[in-house]
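Worksheet: the structure to be examined is printed underneath.
The values are calculated or read from the model by the stated rules, or taken from the named source; none is laboratory data. Here the structure is a predicted model, which means the values were calculated and not measured. Neighbour counts are summed over all protein chains in view; Cβ atoms, including those assigned to glycine, are modelled from backbone coordinates with ideal geometry. With ligands, DNA and RNA removed, areas are computed over all heavy atoms of the protein, side chains included. Shrake-Rupley method; radii C 1.70, N 1.55, O 1.52, S 1.80 Å.
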Amino acid sequence: MTEITLTAPKRLRGVIHVPGDKSISHRSVLLNAIATGSAHITNFLPGADCLSSVACVRSLGVTVEQPTERELIIHGVGLDGLREATDVLDCGNSGTTLRLLAGLLSGQPFFSVLNGDASLRSRPQRRIVGPLRAMGAQIDGRADGDRAPLAIRGSTLRGGQYELTIASAQVKSALLLAALHADGPLTLSGRIDSRDHTERMLAAMGVELTVTPDRITLHPPTAATTPVALSLRVPGDPSSAAFWWVAAAIHPDAELVTPGVCLNPTRTGALDVLCAMGAEIEIMNERLEGSELIGDVVVRSSALRGTTIAGALIPRLIDEIPVLAVAAACADGETVIRDAQELRAKETDRITTVAAGLSALGVTVEPTADGMVITGKPDQLTGATLHSYHDHRLAMAWAVAALVARGETTIVEPAAVAISYPEFWQTLTAIQEDV
Ligand code: S3P
């Protein structure tokens, strides 16, 4: 399938169990691979990105069983048990796989090469290569290490202090994983306000980690604090649920329920923004599952108004901006997105690709260096042909737009959704009612 054509349905109704969280699925594989003991992971996201992490750790000598599609048994090899791979490690489209593995492999006593698809090879890597080199890592790559493939000659790493200048969980996690092999504690300061799943999981595995609002210190494991395998159920992915939240909010006759979604505060910026825009949202049954807060989210048809999305909110919703831009286009008034220059370093340059798609749908949108200004108006979207550019979140954002657009909307390369949400198109069909 290379194209899919959609029209607006009369009604949207459904209870949608979104797939497991992508970030937590990756970490469940990468961290348990170097733990002692075996871990049983349920509700694992079988998306292409997380399967890249599974394939890479297998190439590094870790046995991973997959008894069912959403279940893994990972037989950890311990901190020093990884083995040199016989070939290049293929991270596919997955920045999380490449960046977290770069950290993990920098302190291993062997050689590794990390590579990925054309999109991943075009994304900046200096953000990890710079600080890892400062810790003593020997890493090279194209453009003096700013682009994959990256070649890593494992070496002895130093702890110390590092101030993060980008609020990126991939950078933060790469450094924390490198620090597991450093000769002393590593303290991170600065922009540590990105998703904190790595910190939570390492602490739950027994690694000594102190976290304050402005500092994270990881102490290299001793026999007593070496990571121990952690079995867990992966909570639903809020970044996947956000497509349904926006769909329900902008559609005139909708009620969608997403049970069991991760409500970790570093991930709930989209809910805050939708609430500020006037969305009808109810959050029920908040509870802890392992080290993560989860809950059930209900969203109903809403009259949205424009808002400002900027500052400290940005890292809490960075992956949801394509679909929030669709919400903004359907809201009354202007929405300003600022401080989001990181969008240019995602699977596509999402400032350019989102603005181009909205324009094609008839929306007035002005891209800026670090965001965009969207002039919203209810009922203004007109069906168009939109390309996913192989970016999973664009394909899904345009599908949500199609649910309210006049006429037909065609999405080119819809299969991109397999990166993070393999059953997206089936669910989209299942929730439409034409009464
Ligand atoms: C992720 C971190 C974010 C996010 C990505 C997943 C992670 O990237 O956009 O989808 O799992 O750590 P950055 O660290 O580049 O912000």
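Below are the figures for this structure:
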quantity: Set of aspartates and glutamates with alpha-carbon distance to LYS22 below 12 Å, sequence-local pairs under 8 removed; calculated: ASP49, ASP237, ASP319
quantity: Distance-filtered residues of the stretch 79-103 - backbone nitrogen under 14 Å, label point 7 angstrom along GLN66 Cα→Cβ; calculated: 92
quantity: FRET E, pair THR364, ASP332, Förster distance 22 Å, beta-carbon r, rounded to 0.05; calculated: 0.95
quantity: Surrounding net charge for ASN115, when Lys and Arg each add one and Asp and Glu each subtract one, Cβ distance under 14 Å; calculated: +1
quantity: Paramagnetic reach from GLN426 (point 7 Å along Cα→Cβ, amide N under 19 Å) across the stretch 39-64; calculated: 42-51
quantity: Solvent-accessible area per residue, Å², over the chain with all protein chains present [probe radius 1.4 Å]; calculated: 35
quantity: Carbon + sulfur, % of accessible area of the stretch 353-393 - ligands and nucleic acids excluded, 1.4 Å; calculated: 54
quantity: The stretch 22-233 - percent of accessible surface contributed by carbon and sulfur, probe 1.4 Å; calculated: 50
quantity: Centroid-to-centroid separation of the stretch 42-82 and the stretch 96-129 [C-alpha atoms, Å]; calculated: 18
quantity: Within-13-Å neighbourhood charge of ARG126 [Cβ basis; K, R +1; D, E -1]; calculated: +3
quantity: Förster radius 56 Å - calculated FRET efficiency between THR225 and GLU282 (Cβ-Cβ, nearest 0.05); calculated: 0.85
quantity: log₁₀ of I(q)/I(0) at q = 0.16, 0.18 Å⁻¹ - the stretch 22-233, Debye sum with one point per alpha carbon; calculated: -1.01, -1.33
quantity: The stretch 187-206 residues near the modelled GLN161 label - backbone nitrogen below 12 Å, point 7 Å along Cα→Cβ; calculated: 187-190
